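Engineer: So that we are looking at the same thing, I have put the structure below in structure tokens.
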Amino acid sequence: MTIKYLSLAIFLLFSLMIKAQGNYGTPERIVQREVIDTGMNHFSAYFYMQNLVDNKEKELFPLLSEPQIKAYLKLKSAVVKSLINRFFG
């Protein structure tokens, strides 16, 4: 009987997690819906994506320590350089 209640509790927990994730949306779904599906031009898409990154960082940085923020910014810089080399190099 205890297993039955435990199974029900786990099922309800996963149901709530899936519903919460669906409401907030993953970055991939947001980009798909707001940029790709609308046929946004490259210039507008760049600024829209930059706004998404800025909003993400506003939520993320208060949760990180100073060394974590520095590591994040270092990795971000490396990715930006890689993208610039890939598309413009």
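Engineer: Taking Asn51 and the conditions (1) surrounded by 10 or more Cβ atoms within 10 Å (Cβ to Cβ); (2) in a loop (DSSP other than H, G, I, E, B), which numbered condition does it fall short on, given that it satisfies the others?
Structural biologist: Failing condition for Asn51: (2).
Engineer: So, in the range 1-51, how many residues would count as being within 20 Å of the chain's Cα centre (by Cα) and modelled with pLDDT under 60?
Structural biologist: Number of matching residues: 9.
Engineer: OK, next. Take the range 75-89 and flag every residue that is exposed (fewer than 10 other Cβ atoms within 10 Å of the Cβ) and either among the charged types (D, E, K, R) or in contact (Cβ under 8 Å) with a residue 40 or more places away in the chain (or both).
Structural biologist: Answer for the range 75-89, where residues must be exposed (fewer than 10 other Cβ atoms within 10 Å of the Cβ) and either among the charged types (D, E, K, R) or in contact (Cβ under 8 Å) with a residue 40 or more places away in the chain (or both): just Arg86.
Engineer: Of everything in the range 55-70, what is under 18 Å from the mean Cα position of the chain (by Cα), free of Cβ contacts under 8 Å to residues at least 12 places away in the same chain and surrounded by 10 or more Cβ atoms within 10 Å (Cβ to Cβ)? Give them in sequence order.
Structural biologist: Going residue by residue through the range 55-70, those that are under 18 Å from the mean Cα position of the chain (by Cα) are 55-64, 68-69.
If we keep only those that are free of Cβ contacts under 8 Å to residues at least 12 places away in the same chain as well, we get 55, 57-59, 61-64, 68-69.
Within the range 55-70, Asn55, Glu57, Phe61, Leu64, Gln68, Ile69 qualify.
Engineer: Also: Quick one: what pairs do we get from the range 29-45, first residue assigned to a helix (DSSP H, G or I), second among the β-branched types (Val, Ile, Thr), C-beta under 9 Å, 6+ apart or different chains?
Structural biologist: Ser44/Val35; Ala45/Val31; Ala45/Val35; Ala45/Ile36
The values are calculated or read from the model by the stated rules, or taken from the named source; none is laboratory data. Bear in mind the structure is a predicted one, so any value in this text is a computation, not a measurement. Don't worry about glycine lacking a Cβ; one is built from the backbone with ideal geometry, like all the others, and counts go over all protein chains shown.
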